[in-house]
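Data block below; observations after.
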Amino acid sequence: MTLVTRFAPSPTGLLHLGHAWSALLGWRHAREAGGKILLRIEDIDTERCRPEFDAAIMEDLAWLGLDWDGPVRRQSEHFADFKAVLDQLKANALAYPCFCTRRQIEAEVAASQSAPHGLLGLIYPGTCRALSDAERIERIAAGENHAWRFDVAEAARRVGDLTWIEEGQGIMAVDPLVGGDVVLARKDTPSSYHVAVTHDDQFQGITWITRGQDLYPSTHIHRLLQALMGWDAPAYRHHGLLVDEEGKRFAKRDRALTLRSLREAGKTPEQVLALAEKLAAQI
Ligand code: GLU
């Protein structure tokens with residue numbers, strides 16, 4: 001089987017050294033295995049994503065010499081595909097409308113005192129899961145603002161135990177409840193990251209995923225979606241996150257170590273990749 005991997009940044013800021021490291025890992029793995037690396041621009045959050053950052057991603061990768069295979073996929077051009085997944089989950093009673101505001105959820109979690117935070121942040125207490133179909137229909141018809149949530153317990157019941165292969169660690173057991181009933185779509189974001197990323201990994205035939213350790217908890221949700229939809233399970237390698245000399249994680253809001261600023265400061269692509277490699281060796 002040919003190895004197919006991808007680099008899938010979100011154009012919400014300029015790429016930094018951490019991105020260079022992530023892209024390099026995927027690129028190197030693909031090239032060594034005689035496989036492919038695809039570039040996917042994850043721009044479903046139309047509020048935060050900007051065309052100039054999209055262009056900068058391509059410029060930075062080209063400058064680093066990290067090329068990609070085939071056309072670039074931009075998720076904002078494929079909302080209909082993600083909606084079809086959501087529609088299927090709704091039709092199978094695996095997604096339900098949630099009318100709670102963030103404030104209501106926080107208040108309920110504070111009052112309940114039971115493990116309110118999971119690996120993916122606040123765990124939704126499931127309030128709207130109990131609504132009747134009649135009430136759901138009525139409130140939607142009345143134009144009440146709502147999100148669509150994933151009924152993870154029901155999903156887990158249908159697909160049974162799941163695992164994934166984590167490179168270097170072996171077989172990991174999926175904990176389907178790790179993030180609670182996560183949001184699959186909202187009014188302003190018609191698809192969540194979870195739906196878009198799993199759909200596209202299947203659509204693009206991705207067999208191996210390298211991405212930051214911060215996305216590790218999401219993999220539990222992704223395996224659940226993949227199993228429900230009858231999609232293939234890629235292998236994963238979640239890499240450690242690079243930190244700067246003060247031990248701080250790189251963030252898009254820090255201007256200092258963006259690839260663009262390093263380039264403008266006269267660094268060569270080789271020096272930048274070597275620096276990423278050096279920092280990666282320290283984590
Ligand atoms: N678009 C995500 C990010 O920039 C990465 C998604 C993934 O690799 O699964 O954080």
Count of residues meeting criterion [in contact with an Asp or Glu (Cβ under 8 Å, 6 or more places away or on another chain), among the polar types (S, T, N, Q) and in a strand (DSSP E or B)] in region 223-277: 0
Residues located in region 1-49, provided they are among the hydroxyl-bearing types (Ser, Thr, Tyr) and over 28 Å from THR189 (Cβ atoms): THR2
Residues (more than 10 Å from the ligand (Cβ to nearest atom) and either in contact with a Gly (Cβ under 7 Å, 6 or more places away or on another chain) or part of a strand (DSSP E or B) (or both)) located in region 6-17: HIS16
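Hey, does region 129-138 have a residue that's in contact with a strand residue (DSSP E or B) (Cβ under 7 Å, 6 or more places away or on another chain) and within 16 Å of the ligand (Cβ to nearest atom)?
Within region 129-138, not a single residue is in contact with a strand residue (DSSP E or B) (Cβ under 7 Å, 6 or more places away or on another chain) and within 16 Å of the ligand (Cβ to nearest atom).
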Residue match in region 225-232 (condition: of a type in the set (Gly, Ala, Ser) and at pLDDT below 95): no
Failed item in (1) part of a helix (DSSP H, G or I); (2) modelled with pLDDT under 95; (3) among the aliphatic types (A, V, I, L, M), with ALA20 passing the rest: (2)
Residue check, MET1 loosely packed, with under 14 Cβ neighbours inside 10 Å and either of a type outside the set (Gly, Ala, Ser) or within 15 Å of the ligand (Cβ to nearest atom) (or both): yes
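Across region 202-219, which residue is surrounded by the fewest Cβ atoms within 10 Å (Cβ to Cβ) among those that are of a type outside the set (S, T, N, Q) and within 8 Å of the ligand (Cβ to nearest atom)? Don't jump to the end; show me each part of the working.
We begin by selecting, within region 202-219, every residue of a type outside the set (S, T, N, Q); these are 203, 205-206, 208-209, 211-212, 214-217.
Applying the additional criterion that residues be within 8 Å of the ligand (Cβ to nearest atom) yields 209, 211-212, 214-215.
Numbers: ILE209: 22, ARG211: 21, GLY212: 16, ASP214: 12, LEU215: 14.
Step by step, filter region 202-219, then rank; the result is ASP214.
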Top-ranked residue in region 23-42 [being more than 9 Å from the ligand (Cβ to nearest atom) and part of a loop (DSSP other than H, G, I, E, B); ranked as surrounded by the fewest Cβ atoms within 10 Å (Cβ to Cβ)]: GLY34
Near pairs, Cβ below 8 angstrom, 6+ apart or cross-chain, from region 249-274 (surrounded by fewer than 12 Cβ atoms within 10 Å (Cβ to Cβ) and modelled with pLDDT under 95) to any residue that is small (Gly, Ala, Ser) and not in a loop (DSSP other than H, G, I, E, B): ARG255/SER261
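The values are calculated or read from the model by the stated rules, or taken from the named source; none is laboratory data. Since the structure is predicted, the reported quantities are computational estimates derived from the model, not experimental observations. For neighbour counting, all protein chains shown are included, and Cβ atoms are generated from backbone atoms with ideal geometry for every residue, glycine included.
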